[in-house]
Amino acid sequence: MRYFIEIAFHGAAYAGWQKQPFDITVQSVVEKALFTVFQSEVACVGAGRTDAGVHASFFVAHFDVEQYFDERQFIFKMNQLLPHDVSVRDVYPVNAEAHARFDAISRTYEYYITQQKDPFRLDRATYIKKLLSVDLMNQAAEVLLEFTNFKCFSKVNTQVHTYNCSIKQAYWEQKEHLLVFRIQADRFLRNMVRAIVGTLIELGLRKRSIDELRQIIKSENRSKAGKSMPAHALFLTDIVYPQNIKI
């Protein structure tokens with residue numbers, strides 16, 4: 001039987017989701033807990049790979065087990081076994097062919113910027129003291145919807161078949177001194193969101209123009225875009241799947 005498991009994690013202590021030979025990752029601690037629960041090796045396939053230090057308030061993975069288990073007890077046991085910065089929110093059976101990564105219709109990320117020194121957001125937002133033009137950054141965010149090729153925002157030397165992504169929405173919200181950038185797309189390239197945010201911030205500081213942004217995207221050249229923003233302020237917040245995926 002195949003199951004989807006919904007997870008939340010604070011990414012500061014981890015080298016991303018995907019298992020690495022010499023680093024601690026979220027996948028490795030989840031699979032270790034699964035082994036204890038089921039007393040056998042259980043492979044867990046995630047919805048994607050997050051960069052080191054990135055958080056997820058909503059992440060999905062799938063795993064296969066033959067034995068029956070009580071779902072509420074499973075959640076309780078997993079949360080007893082997992083570190084304090086990783087939690088299981090839900091688990092449920094899905095179709096045998098369901099895939100946490102390939103069946104995802106869209107993913108949503110949020111990036112947090114604080115415009116005043118805030119000790120309570122040291123590990124969850126990037127502090128930018130200079131005043132940013134939110135209106136200009138929102139105009140720039142709308143430009144992203146005009147394009148599909150985002151190679152200029154991708155980490156170099158990454159192995160992908162295509163740099164095309166369908167961005168469904170991208171916008172900034174201001175909540176007092178906090179700025180939140182929200183972006184939803186069918187898929188994301190490595191480092192893409194943090195590079196986009198870095199570029200939009202340069203527009204918000206009036207260092208670049210809207211026309212320059214269009215030229216950057218058309219160039220497909222990572223060196224022409226803005227710097228990659230720190231990982232600690234980035235959150236994966238939602239993943240959408242077809243409604244008929246659950247049993």
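Once the Cβ-Cβ distance between Lys218 and Ser106 is put in as r, and R0 is 30 Å, what FRET efficiency do you end up with, to the nearest 0.05?
With a Förster radius of 30 Å, E is 0.75.
Sorting check: for 25-37, 3-15, which peptide has the highest mean count of neighbouring beta carbons within 10 Å, and how do the rest follow?
Values: 25-37: 18.8, 3-15: 20.3.
The most tightly packed comes first, giving 3-15, 25-37.
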Practice item. Express in nm, to one decimal, how much length is gained between Gln116 and His99 on full extension, taking 0.36 nm for each residue of separation and deducting their alpha carbon distance. Key: 1.9 nm
**Study point:** Check: the range 2-102 dipole with +1 on Lys, Arg Cβ and -1 on Asp, Glu Cβ, in debye
**Key:** 120
Review point. Local charge sum around Tyr14 (other residues, Cβ-Cβ under 14 Å, Lys/Arg +1, Asp/Glu -1)?
Key: -2
Point to revise | Virtual spin-label span in nm between Glu176 and Ser133, 7 Å along Cα→Cβ | key: 2.7
Point to revise | Spin-label pair Ala43/Met1, simplified geometry with 7 Å Cα→Cβ offset, distance in nm | key: 2.1
Check your understanding: Angle between the Cα long axis of helix 134-144 and the longest principal axis of the chain, 0 to 90 degrees, nearest 10?
Key -> 70
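Which FRET efficiency value, to the nearest 0.05, do you get for Glu66 and Lys168 by plugging their Cβ-Cβ distance into 1/(1 + (r/R0)^6) with R0 = 41 Å?
Numbers: r = 38 Å, r/R0 = 0.93.
Efficiency for this residue pair is about 0.60.
At 0.36 nm per residue, minus the direct Cα-Cα distance, what do Asn79 and Ile247 gain on full extension? Give it in nm, one decimal, please. Display every interim value, and only then the final one.
Values: separation 168, 0.36 × 168 = 60.48 nm, distance 2.40 nm.
Extending this stretch completely gives an extra 58.1 nm.
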Review point. Under 12 Å from the Cα of Lys32, which aspartates and glutamates turn up, not counting those fewer than eight places away in the same chain?
Key: Glu41
Check your understanding: Can you work out ³J(HN,Hα) from phi for every residue in the range 221-228, in order, using Karplus 6.51 cos²θ - 1.76 cosθ + 1.60 and θ = phi - 60°, giving whole Hz and x for Gly and Pro?
Key -> 10, 4, 5, 8, 7, x, 5, 7
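No value in this document is a laboratory result; all are computed from the given coordinates. A quick note: this is a predicted structure, and the numbers were derived from the prediction, not measured. Note: ideal-geometry Cβ built from the backbone for every residue, glycine included; neighbour counts use all protein chains shown.
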